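**Q** Sharing a structure below in structure tokens format, with a few things to ask.
Computed from the coordinates by the stated procedures, all read-outs in this text should not be read as laboratory data. None of these values were measured; they are calculated from a predicted model. Cβ placement follows ideal geometry from the backbone for every residue including glycine, while neighbour counts extend to all protein chains displayed.
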Amino acid sequence: MVTEAESPVLARVRELVAPIASDLGLDLYDVEQRGGTLRVTLDTPAGADAGVTMDVLALASRLVSRELDQADPIPGRYTLEVTSPGVERALRTPAHFQRELGKVVAIRLRDVGNEERRLTGTLVAADDATATVDVDGTARTVAFDDIDRAKTVFTWGAGPKPGAGKKRKEVSS
């Protein structure tokens, strides 16, 4: 799944959308087509302090829609969805993995027989063919061809302190 070749249609969409993303100070994170939906995913540059705002996504949506209407690279009808990758982002390409070094990732491997099928750990390295994840102090290197799905894992802040909730008033009858 990670190293799938991009179709000529999606490559053309990427070519049309990349300058728009760049003009808005964003990175073109991904372009996917599933059924009748074309999803364009935009993100802030790696290491940015904040994420993509709704106002910027709305502007990007209008600009991308206009460009795709004019160039008409997609045969037939489709629904355009311009979005951000969110806090738990899909990792589908080597560039996605390279961008998320140092973050916790969850990887589901393709059929691997009796070995572990799921890995969760810190992404410590990634190149054009493999990703290395530190799982409880052990480095596991997996080929992208062996990955079924992968995503970053968002860790919420600390939970409430024990006993910090409201106390119930006991009623005796």
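**Q** Can you give me the distance in nm between label points at ARG118 and VAL104, each placed 7 Å from the Cα along the Cα-to-Cβ direction?
**A** Reported label-point gap for ARG118 and VAL104 is 1.3 nm.
**Q** Tabulate in residue order the Karplus-calculated ³J(HN,Hα) for region 8-18, using 6.51 cos²θ - 1.76 cosθ + 1.60 with θ = phi - 60°, rounded to whole Hz; enter x for Gly and Pro.
**A** x, 5, 5, 5, 5, 4, 4, 4, 6, 8, 3
**Q** What list of ³J(HN,Hα) couplings, whole Hz, do you get for region 65-79 from phi and the Karplus terms 6.51, -1.76, 1.60, once you set θ to phi - 60° and write x for glycine and proline?
**A** 4, 4, 5, 5, 5, 6, 7, 6, x, 10, x, x, 8, 7, 10
**Q** Starting at the first residue of region 46-56, write each ³J(HN,Hα) from the Karplus equation 6.51 cos²θ - 1.76 cosθ + 1.60 with θ = phi - 60°, in whole Hz, x for Gly and Pro.
**A** After applying 6.51 cos²θ - 1.76 cosθ + 1.60, I find 3, x, 5, 6, 10, x, 7, 8, 4, 4, 5 Hz.
**Q** Next question. Evaluate the charge dipole of region 8-83 about its Cα centre and quote only its size in Debye, nearest 20, assuming +1 on the Cβ of each Lys and Arg and -1 on the Cβ of each Asp and Glu.
**A** 320
**Q** Amide H neighbours of VAL153 under 5 Å, counting only residues 5+ apart in sequence or on other chains, H built in-plane at 1.01 Å?
**A** Excluding prolines and chain starts, which carry no amide H, the hits are VAL104, VAL105, ALA106.
**Q** Can you list residues from other chains, or at least 5 along the same chain, whose modelled amide H is less than 5 Å from the amide H of SER84?
**A** When sequence neighbours closer than 5 places are left aside, the close amide H contacts are LEU42.
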